[in-house]
Every structure is written in C-alpha cells, then in structure tokens.
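Derivation of every value follows stated rules applied to the coordinates shown; laboratory data play no part. Just so we're clear, the structure is a prediction, and the values are computed from it rather than from any experiment. Cβ atoms come from the backbone with ideal geometry, glycine included; neighbour counts cover every protein chain shown.
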Amino acid sequence: MVRVRIVIDNEAQPGFKSDWGFSCLIETGNQNLLFDTGYSGDILAFNLQQFHVQRETIDTIVLSHEHSDHVGGLNAVLHPGVTVFMPRSFSRRFKHAVAQVAEVVDVTLPRAIVPDVYTTGELGAGQKEQSLVLETPKGMVVVTGCAHPGLEAIIAAAATFGKLYSVIGGFHSFNQLELLREFDLIVPCHCTAHKREILARYPEKTKRCGSGMVLELG
C-alpha cells in the first residue's frame, strides 16, 4: 500500500493550514518518507500533528531543490537517525547545517531511496531539482516539487522506471497539457500555473490539491 498525504500546499482542507510551498508524506510499507518541508516549520509541525504524525516516525526526508518554500520547514522535522537525500548541487553551507543533526546523502543520478520509491536524480541545466517516482500496483506515480527542469523532462525521466499512472505536485509554468493525457490521476499543486485549464481538460481524472488531502494509491 502506498499512501500520499499532502502536508503543505497553497490551499488547505478544513482543519489544516495552507502556505506557499509544498510538502507531502509518502507511506510505503513500514517507511514514512517526507518529500519537501514547505516554508514554515510551524505550519509543517501543525499539519503533521493533524495527521497524528510525530517527527520521530519520519525515517527519510527527500528535498527537491534549495528554495525556501520547499526546505524552510526542515528544522521542524530533523532528528537523529533520519536520512536526508538532497541534490548534489545544494550549497555546502546548507548540507553542513543538516549534517550536524542527520545523515546527508547527495543525489546526482537516478537511484532507489527506499523500497518502491526512486529519485529521478538531478535534472535541469539551471535550477537543478529531483523528483520522486513511486512504484504502485497501478503504475508509477511521479511526485514533483516545483518542476523547474520542466515537467516534460521529469515525465520522460520517470517513464524509464515503468508505465506511468499519476503525477502529483507543482508543475510550475508547464503548458503542454496534452502530455497529461497518459495519466489516470492528475493532482496539480502549489505553483502550477494552469490548474483551471488542467481541470477543464481532464475533469474526470484531476483532483484539487490541498493540505490535508490523502491519496490511496494501492
């Protein structure tokens, strides 16, 4: 069973707080993996509490890219024993600060993070960013932070892992909406510029994102 809980998004369901940024908790088997941490540690901690998740139960943290709305809340969830995967391009200062508390793993190439969860590796020529690919019985699920390298490039990288089922996260300025046709579930979050157009074009398979959302992916 793979479950994705949206911890931070620009919108929120009742009982949760919104913020400009993104974070989601990925539960697979006995593993709790946090992808990105939003901007505010206070809001991250509050929404995790609403999900009844204690930071000590988070085994792994994966950071997509070094922008404050994706790494700003990190201190609220760091604890001894957690492993933090971040692109090799992150600043030395940032890595050093995290390494005082947790194990840091540099990511350059595609690799497994935990069972059924993979990273695309660093993508992009300017702002480098990694995305996640989740293996589920329904197919591969792509999870993005902001998609600065271009959602097209991320989709192409994710397709090397297997048949694609879903895409979740920030799509940034992505506008080639026809590329989403192959997905059975589309969840545009955070910085996605064309949410209304995506919903209008794919109304039956698009879900509105928000803090507090839970996706059961089989």
Flagged in region 192-218 as in contact with a strand residue (DSSP E or B) (Cβ under 7 Å, 6 or more places away or on another chain), closer than 21 Å to G38 by Cα and free of Cβ contacts under 8 Å to residues at least 60 places away in the same chain, in numbering order, are T192, K195, K207
Does F161 satisfy the criteria of being of a type in the set (A, V, I, L, M, F, W, C), over 28 Å from F46 (Cα atoms), more than 15 Å from the chain's Cα centre (by Cα) and crowded, with 22+ Cβ neighbours inside 10 Å? no
Can you confirm whether region 61-74 contains a residue that is of a type in the set (S, T, N, Q) and either in contact with a His (Cβ under 8 Å, 6 or more places away or on another chain) or under 24 Å from Y118 (Cβ atoms) (or both)? yes
Within region 106-134, which residues are buried (at least 21 other Cβ atoms within 10 Å of the Cβ) and in contact with a His (Cβ under 7 Å, 6 or more places away or on another chain)? E129
Any idea which of (1) free of Cβ contacts under 8 Å to residues at least 60 places away in the same chain; (2) touching a Cys at 6+ places or on another chain (Cβ under 9 Å); (3) under 21 Å from M1 (Cα atoms); (4) of a type outside the set (F, W, Y) is the one A147 doesn't satisfy? (3)
Can you find, within region 164-218, the residue that is nearest to the chain's Cα centre (by Cα) among those that are surrounded by fewer than 17 Cβ atoms within 10 Å (Cβ to Cβ) and closer than 17 Å to S131 by Cβ? S173
Would a scan of region 75-89 turn up a residue that is surrounded by fewer than 20 Cβ atoms within 10 Å (Cβ to Cβ) and over 25 Å from E27 (Cβ atoms)? yes
Of all residues in region 25-48, how many are touching a residue at least 24 places away in the same chain (Cβ under 8 Å), closer than 15 Å to V114 by Cβ and either of a type in the set (S, T, N, Q) or crowded, with 20+ Cβ neighbours inside 10 Å (or both)? 8
Could you name every one of the strands (runs of 3 or more DSSP E) located completely within region 49-141 that has at least 3 residues being in contact (Cβ under 8 Å) with a residue 12 or more places away in the chain? 60-62, 83-87, 103-107, 117-119, 132-136
Looking only at region 118-170, which residues are within 16 Å of T192 (Cα to Cα), in contact with a helix residue (DSSP H, G or I) (Cβ under 9 Å, 6 or more places away or on another chain) and among the polar types (S, T, N, Q)? S131, T144
Pick from region 1-10, criterion outside any strand (DSSP E or B) and buried (at least 17 other Cβ atoms within 10 Å of the Cβ), ranking: farthest from the chain's Cα centre (by Cα): N10
